[in-house]
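The numbers here are math on the coordinates, done by the rules we state, and not lab data. Since the model is a prediction, treat every value here as computed from it, not as a measurement. Ideal geometry is used to build each Cβ from the backbone, glycine not excepted, and the neighbour counts take in all protein chains shown.
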Amino acid sequence: MTSIREFKEVPAFRINGFAGLFINLALIAGGLWLLSRIIGEPRVDLFSPLGAGLILTLAGGVSMFGLFIVQPNRSRVLTFFGRYAGTVREDGFFWTNPFTLKKVVSLRVHNFAGEKLKVNDASGNPIEIAAVVVWRVIEPARALFDVEDYQEFVNIQSETALRHLASSLPYDTHEDGKVSLRGEPETVAANLQEELQRRLALAGVSITEARLSHLAYAPEIAQAMLRRQQAQAIIAARQQIVEGAVSMVEMALKRLEQNNVVKLDDERRAAMVNNLLVVLTGDSEAHPVINAGTLY
């Protein structure tokens, strides 16, 4: 049999189910009428009416197995003695070749809520992570023939992609321009969806949405990492405060010199810089001491 990847999905042969039902009932009724003609007439040649009646009745009965229903947002994949015979996507009542197998594949949207996984992030820290994946089948034939169980395939590939994503990014970072699991949720979701789509294209599955539903440090290091995270945040904040304070001191000195407010020698300039930096970078509120001069 040719691999399902090498052919394009085609619509299966079918006709209106009510028309098929009418034809089948007509065949059965005609066969029963022929059979009824030989009852009570033993001298009549039985072979022709009997044979035709049996054939029509049997044909109508077997043909009934060609009737099938397609529910909304479901499909039927037809196979004829092991060969792909087409796909029916339209909902309704149909009749087709009664010798085909008609397997149902749902086209509805599915949710996969993964369990919490314990993995190491890019920095080697153990974390707990979980995701919710919204998916649906868009190619029923591939979902049915290319993988053993497409629902289980989605579950396993979702966990694999999530593990790969978690191990390739750090949990958190204070570096500008660097993506982290905690700092860039939209980018992480887009990367997860892209990798899942690449993995699940084999099964004819489309990923509608993929997002993290749980993200935390592992319990054994949660307290230590929390203190580390707080320290990194303090250091990053201090760096910004110092940069801002230095720029403000530079601006203050330039404005004083440009406006000729006061002329400072190197010693007084250093003292002013020291005082300004203490005021601007201090943790507590500054209480300046005003020098009012001396008595002598």
Using 20 Å as the cut-off for backbone N distance, which residues of the stretch 93-118 belong to the label zone defined by a point 7 Å from the Cα of Ile138 along Cα→Cβ? 105-112
If I stretch the segment between Glu250 and Glu194 completely, what's the gain in nm (0.36 nm per residue apart, minus their alpha carbon distance), one decimal? 15.3 nm
What's the exposure ranking of Thr96, Thr208, going from fewest to most Cβ atoms within 10 Å? Thr208, Thr96
Taking the stretch 51-152, which GluC sites (Glu not before Pro) meet the DSSP loop condition and have no more than 13 other C-beta atoms within 10 Å? Glu90, Glu115, Glu148
For the stretch 42-188: relative contact order, % (alpha-carbon pairs under 8 angstrom, 6 or more apart): 16
Find out how many positive minus negative residues lie around Thr187, taking Lys and Arg as positive, Asp and Glu as negative, among other residues whose Cβ is under 13 Å from that of Thr187. -1
If you place +1 on the Cβ of every Lys and Arg and -1 on the Cβ of every Asp and Glu, how big does the dipole about the Cα centre of the stretch 110-217 come out, in debye to the nearest 20? 60
Once amide H atoms are built 1.01 Å from N in the peptide plane, which residues 5 or more positions from Gly86, or in another chain, come under 5 Å H to H? Leu78
Any idea how far apart Ala113 and Arg163 come out in nm if each label point goes 7 Å out from Cα toward Cβ? 2.3
For labels at Gln240 and Ala130 in the simple 7 Å Cα→Cβ model, what's the distance in nm? 3.3
Residue separation between Phe99 and Ile156 times 0.36 nm, minus their alpha-carbon distance, gives in nm 17.0 nm
When only C-alpha pairs under 8 Å and at least 6 residues apart count, what is the relative contact order of the stretch 109-154, in percent? 34
Relative contact order of the stretch 69-136, defined on C-alpha pairs under 8 angstrom at six or more residues apart (%): 28
